[in-house]
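None of the figures in this text is laboratory data; all of them are computed from the coordinates on show. Given the structure is predicted, the values throughout are model-derived calculations rather than measurements. A quick note on method: Cβ atoms are made from the backbone with ideal geometry, for glycine too, and the neighbour counts reach across all protein chains shown.
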Amino acid sequence: MELVLEYDVKAGDFFSAGEASSKIKDTLKKLGFNPEIIKKVAIITYEAEMNIVIHSVGGKIIAKISKEQVEITARDYGPGILDLELAMTEGYSTAPEDIRNLGFGAGMGLPNMKKYSDYFNITSSDHTIVKMIVLNE
């Protein structure tokens, strides 16, 4: 059996940012997942959510939870990433100065998503889709 959770994420909405990752984290706790798995999922979901808030015109976070794994898909509505290889470099960021002054945009979002995922795939054209899986082992 698979549980599917889906959340809209608004561009520039720092007030609500983190809600999807918190709700997914709470669900995993209620389902009795190992704390280490919950930590990994919380990190990758929060980073994905913040990337949508900071760099896109909005998007969705979709969590598919089964006994074997947690699959997180972050899908935005644009504008896409011009250079994926450069975007995956730790410390590289296109966040504007006002966002950096808020303490975000350090260029660790995508590298952290990859680091804490057992499976990571990103595609980008006029929109970006990041699919991450954390295995429940």
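Assorted remarks:
- Amide H within-cut-off set for Q69, under 5 Å, with H built and near neighbours excluded: N136
- Converting phi to 3J(HN,Hα) with the Karplus coefficients 6.51, -1.76 and 1.60 and the offset θ = phi - 60°, region 86-99 yields 5, 5, 7, 6, 4, x, 7, 8, 10, 5, x, 4, 5, 6 Hz in sequence order, with x at every glycine or proline.
- Amide hydrogen proximity for T94: with H placed 1.01 Å from N in the peptide plane, no residue at 5 or more positions away or on another chain lies under 5 Å.
- Where labels lie 7 Å past Cα in the beta-carbon direction, separation of F120 and Y77 in nm: 2.8 nm
- Per the Debye calculation on region 11-73 with a single equal scatterer at every Cα and no solvent contribution, log₁₀ I(q)/I(0) for q = 0.12, 0.13, 0.14 Å⁻¹ amounts to -0.28, -0.33, -0.38.
- Under the Karplus curve 6.51 cos²θ - 1.76 cosθ + 1.60, θ = phi - 60°, whole-Hz ³J(HN,Hα) for region 46-54, x wherever Gly or Pro sits: 4, 4, 5, 4, 5, 4, 5, 4, 7
- The mean sequence distance of close C-alpha pairs (under 8 Å, at least 6 residues apart), as a share of the length of the chain, puts its relative contact order at 28 percent.
- Residues of region 1-45 with amide N under 20 Å of a point placed 7 Å along Cα→Cβ from T94: 9-14
- Spacing of the two label points (7 Å from each Cα toward its C-beta) at S66 and E36, in nm: 2.2 nm
- For V57, the amide hydrogen comes within under 5 Å of the amide hydrogens of Y77, G78, counting only partners 5 or more places away or on other chains and with H modelled in the peptide plane.
- Alpha-carbon radius of gyration plus Dmax, which is the widest Cα pair, for region 1-119 in Å: 14.1, 45
- Around Q69: net Lys/Arg minus Asp/Glu count, Cβ-Cβ under 10 Å: -3
- For region 100-113, Karplus couplings with θ = phi - 60° (6.51, -1.76, 1.60), whole Hz, Gly/Pro x: 5, 5, 7, x, 10, x, 7, x, 10, x, 5, x, 5, 4
- Taking Y116, Y46, Y92 in turn, the Gaussian network model of the chain (Cα-Cα springs below 10 Å) assigns the largest fluctuation to Y92.
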